[in-house]
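Trainee: Structure below; questions to follow.
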Amino acid sequence: MKLLIDILGWIGSLSVLLAYALSHYNKITNKSFLYFFLNAVGSLFLIINTYYYFAYPSTFLNLIWMLIAIHGVYIYLKTKNFRK
């Protein structure tokens, strides 16, 4: 179980970092679905990891980060109306 939690923590960290790097280097915008998705999934995995290790301040931060990202996904999908 500990190994799985550690793997989720690493994947979560890399996901959030990738979202930031792609946005910083103008490969994606900070309003894109991929940006919000990477942040939401990364934050979820970090929530699991930090909660397991009793790092509650980090759990709280990632919970807020995830809620903001989920709201971004919602707004993105609402404005795009799934039209292609």
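Trainee: Please determine whether any residue of the stretch 18-30 is surrounded by fewer than 18 Cβ atoms within 10 Å (Cβ to Cβ) and within 24 Å of Tyr51 (Cα to Cα).
Mentor: Yes, some residue in the stretch 18-30 is surrounded by fewer than 18 Cβ atoms within 10 Å (Cβ to Cβ) and within 24 Å of Tyr51 (Cα to Cα).
Trainee: If I filter the stretch 29-40 for residues that are at positive phi and not small (Gly, Ala, Ser), do I get at least one hit?
Mentor: No, the stretch 29-40 contains no residue that is at positive phi and not small (Gly, Ala, Ser).
Conditions tested, residue by residue: (1) among the charged types (D, E, K, R); (2) over 21 Å from Leu18 (Cα atoms); (3) surrounded by 17 or more Cβ atoms within 10 Å (Cβ to Cβ); (4) at pLDDT 95 or above.
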residue	(1), (2), (3), (4)
Phe45	no, no, yes, yes
Ala55	no, yes, no, yes
Ile64	no, no, no, yes
His71	no, no, no, yes
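The values are calculated or read from the model by the stated rules, or taken from the named source; none is laboratory data. Small disclaimer: the values here were computed from a predicted structure and weren't measured. Cβ: placed from backbone, ideal geometry, glycine included. Neighbour counts: every protein chain shown.
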